[in-house]
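Here the structure is laid out as structure tokens; the discussion comes afterwards.
The values are calculated or read from the model by the stated rules, or taken from the named source; none is laboratory data. Everything numeric in this text was worked out from a predicted model, so none of it was measured. Cβ placement follows ideal geometry from the backbone for every residue including glycine, while neighbour counts extend to all protein chains displayed. The area values use the complete protein model at the heavy-atom level, side chains included, leaving out ligands, DNA and RNA. Shrake-Rupley method; radii C 1.70, N 1.55, O 1.52, S 1.80 Å.
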Amino acid sequence: MTTVTSSSISLLDNTLITQWQPATWEDYIAACEDRTLESARIFFYEGYLLIDMGNEGINHARFNALLTMVFVLWFTSKGVQAFDDLGGCVIEKPKVGGGAPDRVLYIGEDFPQWQEGEPRRINLDNWRVPDLVCEIADTTLANDLDEKKRLYAALKIPEYWVVDIKGERVLAFRLQDNGKYQECDFSGALEGLPISLLSETLKILSQGNGMAAMWFAQQIAGL
């Protein structure tokens with residue numbers, strides 16, 4: 001394969017949209033700053049670029065919205081007053097990698113602030129890493145458990161969730177001292193939250209994310 005250059009990044013290039021292609025960091029920056037790609041989710045890692053133009057399916061959108069409710073309900077129950085839920089925001093570490101997870105969660109008050117004239121991305125050289133990122137896998141499970149998992153480990157994200165919509169399960173990973181993720185049964189970011197409870201919440205999502213959120217609230221009342 002030939003290396004993708006910024007001049008070849010195009011919505012008409014279906015191979016670029018649907019799979020990782022060889023590219024440079026400069027290609028990634030060009031894609032991020034290309035206004036025709038504003039609705040795309042762009043990823044770069046180990047010399048490969050992915051431009052995801054897929055629209056959210058119903059179940060993907062339903063759980064994506066539910067996650068915000070889960071965060072609000074959990075932190076309210078635990079008395080946590082400051083957190084920032086940034087859906088789809090680009091996080092990057094220059095020359096290492098970058099991507100736009102479905103959810104980017106900061107816990108505490110020291111979350112990123114955008115300044116006029118700056119790129120609309122979170123530079124992890126300037127801001128602390130988020131406490132949690134999440135990918136919702138409707139059609140992208142293999143990618144989320146492989147390339148993106150390695151990307152977020154390289155960015156030193158301490159916790160990573162993969163929501164397997166079709167499998168009705170949530171997989172959670174904690175970053176280890178060796179720089180690799182290990183699956184965990186309880187969240188560290190949402191301290192004490194059983195990951196199995198998220199999977200059970202996912203199973204009733206067909207009743208609507210409002211109903212699922214109310215059920216989740218009832219379950220965490222005694223935790």
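At a glance:
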| read-out | value |
| --- | --- |
| Residues of segment 192-212 satisfying the condition of being at pLDDT 95 or above and of a type in the set (D, E, K, R) | Glu200 |
| Close pairs (9 angstrom Cβ cut-off, 6 or more residues apart or separate chains): under 11 Å from Val90 (Cα atoms) and free of Cβ contacts under 8 Å to residues at least 60 places away in the same chain in segment 32-49, part of a loop (DSSP other than H, G, I, E, B) and open to solvent by less than 30 Å² (accessible area, probe 1.4 Å) anywhere | Ala40/Ala100; Arg41/Val90; Arg41/Ala100; Arg41/Pro101; Arg41/Asp102; Ile42/Val90; Ile42/Ala100 |
| Single match in Val70, Val80, Val104 (criterion: free of Cβ contacts under 8 Å to residues at least 40 places away in the same chain and either open to solvent by 10 Å² or more (accessible area, probe 1.4 Å) or in a helix (DSSP H, G or I) (or both)) | Val80 |
| Matching residues in segment 1-45 - criterion: being outside any helix (DSSP H, G or I), open to solvent by 30 Å² or more (accessible area, probe 1.4 Å) and at pLDDT below 85 | Met1, Thr2, Thr3, Thr5, Ser10, Leu11, Leu12, Asp13, Gln19, Glu38, Ser39 |
| Selection count, segment 46-67, where residues are of a type in the set (Asp, Glu) and either modelled with pLDDT of 90 or more or open to solvent by less than 40 Å² (accessible area, probe 1.4 Å) (or both) | 2 |
| Neighbours by Cβ (under 8 Å, 6+ apart or cross-chain): first from segment 187-214, free of Cβ contacts under 8 Å to residues at least 60 places away in the same chain; second polar (S, T, N, Q) and part of a helix (DSSP H, G or I) | Leu197/Gln219; Glu200/Gln219 |
| Residue in segment 191-204 that is open to solvent by 30 Å² or more (accessible area, probe 1.4 Å), under 13 Å from Leu66 (Cβ atoms), in a helix (DSSP H, G or I) and hydrophobic (A, V, I, L, M, F, W, C) present | no |
